[in-house]
Amino acid sequence: MQQSNYKGRFAPSPTGPLHMGSLVAAMASYLDAKAHHGQWLVRIEDLDFDRNVKGIDQHILNSLQRCGMHWDGDVTWQSQRQHLYQDAMQTLDQHVYPCACSRKEIADSRLRMGEVASQIYPGTCRAGLAAGKTPRAWRLRLPQPHCNITFDDRYYGQQIQDITTEVGDFVLKRADGFWAYQLAVVVDDAAQGITHIVRGADLLDSTARQIYLQQVLDLPAISYLHVPVVNNEAGEKLSKQTGAMAFDRGDNDLLKDALLPAASFLELAIGDSVSSIDAFWKLALASWTIKMKL
């Protein structure tokens, strides 16, 4: 079967083992790549050095393999690609400025302005740092007074966000050297030739910012599909912060305990009688192809 130009990816952070929400996102991205006869890459997004857990990256890779999800090419680690982010910063030079504001100062400033959304950056340092202030971060200067980004999500339909008024100038790098997710993911996706992104809807709000960065950096546009997130009994998104448990405990039945529940959440018609992981993926692929009308 001839391979297409489709190139997708799964990009977990090694801050804890994969939970059911992570598996749903991985499964959706894997199935979409396979349904398009394309490539599926894995990238470890390990730039949050304070939260990385030693050895978890290998645990994640082992879990994917135990589930029968095999990636194309070599796994990449963001921590090994920081020179690419620096190159992008240099390209963005005229659009970037230092900011000395803390989160509390941003919130206080918004309150004084009578605004409710306390974390939208009000542009305090856009004209330059106040006397005696040192940079805490570098921000991207957005067009004023509006910057509307429109895109079609393959699940949620047309999306419109005015990133100037709804987000404000956003951080690209912190003064302690930490690169922001928004910049790193855009640079990596372009460098790896990613054409399609399938991920959780918790990242839908980030997409407009990433599209704007693609435009400013003159990078190719990408197709997006955001799948619903898995919530816990309290209605919170499953995450390490909300105590989500690993779906792979090393000795459990991944077909019964993980793959079938994840497929059910994605509303894939498989049934409970499937007896092997290989058989599961054949049925899941057929169901995804029908569901997405591919």
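What follows is calculated from the coordinates using simple rules that are stated; it is not laboratory data. Here the structure is a predicted model, which is why all the values come from computation and not from measurement. So basically every Cβ, Gly included, is an ideal-geometry build from the backbone, and we count neighbours across all protein chains shown.
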How do the peptides 29-41, 82-94 rank, highest first, by the average count of neighbouring beta carbon atoms within 10 Å per residue? 29-41, 82-94
Which of the peptides 188-200, 134-146, 271-283 is most tightly packed, and how do the rest follow, going by the mean number of other Cβ atoms within 10 Å of each residue? 188-200, 134-146, 271-283
Distance cut-off 24 Å, Cα to Cα: go down the list K237/K282; K104/K133; K34/K293; K34/K291; K173/K237; K256/K291 and report the pairs above it. K237/K282; K173/K237
So the angle from the long Cα axis of helix 20-35 to the longest Cα principal axis of the chain, reported in degrees to the nearest 10, equals 70
Could you list which residues have their amide H under 5 Å from that of D162, counting only those 5 or more apart in sequence or on another chain, with H placed in the peptide plane? I149
Once the piece of chain linking D153 and Q58 is laid out straight, how much longer is it, given 0.36 nm per residue of separation minus the C-alpha distance between them? 31.0 nm
Rounding to the nearest 10 and keeping the result within 0 to 90°, find how far the Cα-based axis of helix 277-291 lies from the longest principal axis of the chain. 60
Return the long-range amide H neighbours of V227 (sequence gap of 5 or more, or a different chain), with a cut-off of under 5 Å between placed amide H atoms. R199, G200, A201
How far, in nm, would the chain grow between M245 and I277 when pulled straight, counting 0.36 nm per residue and subtracting the alpha carbon separation? 9.4 nm
Under the Karplus curve 6.51 cos²θ - 1.76 cosθ + 1.60, θ = phi - 60°, whole-Hz ³J(HN,Hα) for the range 197-204, x wherever Gly or Pro sits: 10, 10, 7, x, 5, 5, 9, 4
What FRET efficiency, computed as 1/(1 + (r/R0)^6) with R0 = 30 Å and r the Cβ-Cβ distance, is obtained for F178 and N232, rounded to the nearest 0.05? 0.60
At what distance in nm do the modelled label points of D72 and D257 sit from each other, each positioned 7 Å from its Cα along Cα→Cβ? 3.2
Among 17-27, 255-265, what's the highest-first ranking by average C-beta atoms within 10 angstrom per residue? 17-27, 255-265
Residues with amide H under 5 Å from that of K173, placed H, sequence gap 5 or more: W138, A180
Could you go through the range 55-67 in sequence order and give the Karplus-derived ³J(HN,Hα) for each residue, using 6.51 cos²θ - 1.76 cosθ + 1.60 with θ = phi - 60°, rounded to whole Hz, and x for Gly and Pro? x, 5, 4, 5, 4, 4, 5, 5, 5, 4, 5, 5, 7
Options (1) 19.4, 59; (2) 18.2, 55; (3) 20.4, 69 - which one matches Rg and Dmax of the Cα atoms in Å as calculated here: (3)
Whole-Hz Karplus ³J(HN,Hα) for the range 249-266, in order, using 6.51 cos²θ - 1.76 cosθ + 1.60 and θ = phi - 60°, x for Gly and Pro? 9, x, 10, 8, 7, 5, 5, 6, 7, 10, 5, 5, x, 5, 5, 5, 4, 7
Given a Förster radius of 41 Å and the C-beta distance between T91 and E267 as r, what FRET efficiency does 1/(1 + (r/R0)^6) yield to the nearest 0.05? 0.45
